[in-house]
1. Tell me which of these residue 227 doesn't satisfy, since it passes every other one: (1) farther than 23 Å from residue 126 by Cβ; (2) in a helix (DSSP H, G or I); (3) touching a helix residue (DSSP H, G or I) at 6+ places or on another chain (Cβ under 9 Å); (4) at pLDDT 90 or above.
2. With the requirement that a residue be on the phi > 0 side of the Ramachandran plot and crowded, with 21+ Cβ neighbours inside 10 Å, what does segment 201-248 give you?
3. Report, by residue number, each residue of segment 126-137 that is in contact with a helix residue (DSSP H, G or I) (Cβ under 8 Å, 6 or more places away or on another chain), part of a helix (DSSP H, G or I) and surrounded by fewer than 24 Cβ atoms within 10 Å (Cβ to Cβ).
4. Say we look at segment 165-204 and pick out the residues that are within 15 Å of residue 145 (Cβ to Cβ) and in a loop (DSSP other than H, G, I, E, B); which of these is farthest from the chain's Cα centre (by Cα)?
């Protein structure tokens, strides 16, 4: 199956659940309103709210590939369509691209809708489109690498929920989503600086006019994300290849 076929199929499924989409949007705005009032309680400028707003919205987008690969494959296992999916896909790359394609389109649409609120919020500085896009694109590639590794666990062990839960919690907590990582110290700060979300959100916030909260330059964050993607992505594809090979040998591709 091509990525386009995956998108069309998943869209036909999702369009039957319009109310769920509307309720999810409403729930997110209600959730953000908590930080809005907290921000004006802590400081009158509202910069705290905007920082957390951007952190939550873009972390939500960046985490899409981390969750989409494993959730997509798990869904195919439960539907009993995993074997036919492998037979109809030209390669592991085309299969994984198809699995993540609709969640990414959906995630971008969600992000655009949320960002509509920025029309009512003054930015702290000028927008830097290059840094903003660098944070989004390189962040997605970095998280995709981790997502493929998580999907490998699904193929090998049929369950990836514990891995995904721990990754989501650690990446969010140490990624500067709710607070700047500069408030961390010792080994927690060192761990946060190895977190791709930390660098992606740093670039995105600077792209929206915020000052840097890290001790190094935006160019260093770009280099970190580039190196992370170049090193971890090939390793992730290799891990997935081994997991598929193992599942093929044991005859467990279609099992769940």
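The values are calculated or read from the model by the stated rules, or taken from the named source; none is laboratory data. Just so it is clear, the model here is predicted, and its values are computed rather than measured. With ideal geometry, Cβ positions are generated from the backbone for all residues, glycine too; neighbour counts draw on all protein chains shown.
1. In the conditions (1) farther than 23 Å from residue 126 by Cβ; (2) in a helix (DSSP H, G or I); (3) touching a helix residue (DSSP H, G or I) at 6+ places or on another chain (Cβ under 9 Å); (4) at pLDDT 90 or above, residue 227 misses (3) alone.
2. So in segment 201-248, the residues on the phi > 0 side of the Ramachandran plot come out as 209.
None; the set is empty.
3. Start the filter on segment 126-137 by keeping residues that are in contact with a helix residue (DSSP H, G or I) (Cβ under 8 Å, 6 or more places away or on another chain), which leaves 127-136.
From the residues that got through so far, the ones that are part of a helix (DSSP H, G or I) too are 129-136.
Of everything in segment 126-137, those that are in contact with a helix residue (DSSP H, G or I) (Cβ under 8 Å, 6 or more places away or on another chain), part of a helix (DSSP H, G or I) and surrounded by fewer than 24 Cβ atoms within 10 Å (Cβ to Cβ) turn out to be 129, 130, 131, 132, 133, 134, 136.
4. That would be 194.
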